[in-house]
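The values are calculated or read from the model by the stated rules, or taken from the named source; none is laboratory data. Everything numeric here is computed off the predicted structure, so don't read it as measured data. Heads up, the Cβs are rebuilt from the backbone with ideal geometry, glycines too, and the neighbour counts pull from every protein chain shown. Surface accessibility is based on the protein's heavy atoms, side chains included, excluding ligands, DNA and RNA. Shrake-Rupley method; radii C 1.70, N 1.55, O 1.52, S 1.80 Å.
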Amino acid sequence: MRVLVVEDDPMIGRAVVAGLRHGGYAVDWVRDGGEAALAIANGVYELALLDLGLPRRDGLEILKNVRRGGGKLPILIITARDSVADRIAGLDAGADDYLVKPFNLEELLARVRAVLRRHEGRGCPEMTYGALTVDPVGHRVFFQGAEVDLSAREFAVLEALMKEPGAVVSRERLEDAVYGWGEEVESNSIEVHLHHLRRKLKPQLIRNVRGVGYRIARIV
Ligand code: CA
């Protein structure tokens, strides 16, 4: 799951990005309002964390623009503006939630999960293929009736493969699902995650389609 962080404060930005990555999200970080509007228009994110006081363009203006254009991207405001009037303005402009700085990182992650749950609650949040079930919001995996414990990166790889079960997913797409911009990607890291997934689940579950990518096999 890919998350956009819009935050110009380097210390807060670093902490939020690290916390989200630790929580298993692929994270991109932009530091001003102009870049934020472009990144959101890209349409690759499942959620954005949006600061309001930003260079070049105010966060509230960005949010209003997204909603005016019909954009449904879940947006959680993170800001130091803590008056009731500010909160009301943010929520009325279409924010899904509003968190005042300084905040606790665990609370931020819980709010992120809650926003994602509300958005996915409209459809079926779980993905099932054969005996494999992946719950993207709860970050849980079940195989043949038992819960399987995965690392955050392993989970991100499996989730990307399960978006279109049975379809071949390229290695680049898997890397996009696991790593944010500027994150160091070691050349064989996806293979390492796949190796662990096969060991924890079942070796035949993930097939290598030579020269193209990987796909999930249906195992009951
Ligand atoms: Ca700011």
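State which residue is farthest from the ligand (Cβ to nearest atom) when the search covers only segment 45-62 and only residues that are part of a loop (DSSP other than H, G, I, E, B) and in contact with a strand residue (DSSP E or B) (Cβ under 8 Å, 6 or more places away or on another chain). Working first, answer last.
Step one: filter segment 45-62 for residues part of a loop (DSSP other than H, G, I, E, B), giving 45-46, 51-58.
Those left that are additionally in contact with a strand residue (DSSP E or B) (Cβ under 8 Å, 6 or more places away or on another chain): 45-46, 51-54.
Numbers: TYR45: 19, GLU46: 23, ASP51: 4, LEU52: 7, GLY53: 4, LEU54: 6 Å.
Top of the filtered list is GLU46.
Right, ARG81: closer than 17 Å to GLY19 by Cα and in contact (Cβ under 8 Å) with a residue 24 or more places away in the chain or not? Show your work before the answer.
Details: closer than 17 Å to GLY19 by Cα: no; in contact (Cβ under 8 Å) with a residue 24 or more places away in the chain: yes.
No.
When ARG122 is evaluated against the numbered criteria (1) assigned to a helix (DSSP H, G or I); (2) modelled with pLDDT under 90, which criterion, by number, is the only one it fails?
Checking ARG122 against (1) assigned to a helix (DSSP H, G or I); (2) modelled with pLDDT under 90, the one that fails is (1).
Could you please find all residues in segment 95-118 being crowded, with 17+ Cβ neighbours inside 10 Å and either closer than 17 Å to VAL27 by Cα or touching a residue at least 24 places away in the same chain (Cβ under 8 Å) (or both)?
ALA95, LEU108, LEU109, ARG111, VAL112, VAL115, LEU116
Out of VAL16, VAL66, I need the residue that is away from the ligand (no atom under 15 Å from the Cβ) and either farther than 25 Å from TYR179 by Cα or among the aliphatic types (A, V, I, L, M) (or both). Which one? Give the derivation first.
Values: VAL16 fails: away from the ligand (no atom under 15 Å from the Cβ).
After ruling out the rest, the residue left standing is VAL66.
Please indicate, with yes or no, whether at least one residue in segment 166-174 is within 28 Å of VAL5 (Cβ to Cβ) and part of a strand (DSSP E or B).
We begin by selecting, within segment 166-174, every residue within 28 Å of VAL5 (Cβ to Cβ); these are 169-174.
Retained after the next criterion (residues that are part of a strand (DSSP E or B)): 169.
Yes, because at least one residue in segment 166-174 is within 28 Å of VAL5 (Cβ to Cβ) and part of a strand (DSSP E or B).
Only one of (1) open to solvent by 80 Å² or more (accessible area, probe 1.4 Å); (2) without any contact (Cβ under 8 Å) to a residue 12 or more places away in the chain; (3) under 21 Å from the mean Cα position of the chain (by Cα) fails for TRP181. Which number is that?
For TRP181, the exception is condition (2).
Restricted to segment 94-115, and to residues that are more than 10 Å from LEU76 (Cβ to Cβ), part of a helix (DSSP H, G or I) and of a type in the set (A, V, I, L, M, F, W, C), which residue is nearest to the chain's Cα centre (by Cα)? Reasoning before the result, please.
If we filter segment 94-115 for residues that are more than 10 Å from LEU76 (Cβ to Cβ), which is where we start, we get 94, 100-107, 109-110, 113.
This time we only want the ones that are part of a helix (DSSP H, G or I), so: 105-107, 109-110, 113.
From what is left, the residues that are of a type in the set (A, V, I, L, M, F, W, C) are 105, 109-110.
Working: LEU105: 16, LEU109: 11, ALA110: 13 Å.
Looking at the filtered set, the residue picked out is LEU109.
Check ARG87, ARG14 and return the single one that is charged (D, E, K, R), closer than 23 Å to ARG117 by Cα and outside any loop (DSSP other than H, G, I, E, B). I'd like the intermediate steps shown before the answer.
Working: ARG14 fails: closer than 23 Å to ARG117 by Cα.
So the residue among ARG87, ARG14 that is charged (D, E, K, R), closer than 23 Å to ARG117 by Cα and outside any loop (DSSP other than H, G, I, E, B) is ARG87.
Check GLY53 against each of (1) touching a Leu at 6+ places or on another chain (Cβ under 7 Å); (2) more than 21 Å from GLU175 (Cα to Cα) and name the one condition it does not meet.
So GLY53 meets the others, but not (1).
Which one is farthest from the ligand (Cβ to nearest atom), of the residues in segment 19-37 that are farther than 23 Å from ARG113 by Cβ and open to solvent by 50 Å² or more (accessible area, probe 1.4 Å)?
Within segment 19-37, the first condition is being farther than 23 Å from ARG113 by Cβ, and the residues that meet it are 31-35, 37.
In the following step, the residues that additionally are open to solvent by 50 Å² or more (accessible area, probe 1.4 Å) were identified as 31, 35.
Working: ARG31: 9, GLU35: 14 Å.
Going through the qualifying residues, I end up with GLU35.
For segment 69-90, which positions are small (Gly, Ala, Ser) and either within 10 Å of ASP51 (Cα to Cα) or open to solvent by 10 Å² or more (accessible area, probe 1.4 Å) (or both)?
Step one: of segment 69-90, the residues small (Gly, Ala, Ser) are 69-71, 80, 83, 85, 89-90.
Answer for segment 69-90, where residues must be small (Gly, Ala, Ser) and either within 10 Å of ASP51 (Cα to Cα) or open to solvent by 10 Å² or more (accessible area, probe 1.4 Å) (or both): GLY69, GLY70, GLY71, ALA80, SER83, ALA85, ALA89.
Specify which of the listed residues (GLY138, GLY71) is in a loop (DSSP other than H, G, I, E, B), modelled with pLDDT of 90 or more and within 26 Å of ARG21 (Cα to Cα).
Working: GLY138 fails: modelled with pLDDT of 90 or more.
Being in a loop (DSSP other than H, G, I, E, B), modelled with pLDDT of 90 or more and within 26 Å of ARG21 (Cα to Cα) holds for just one of GLY138, GLY71, which is GLY71.
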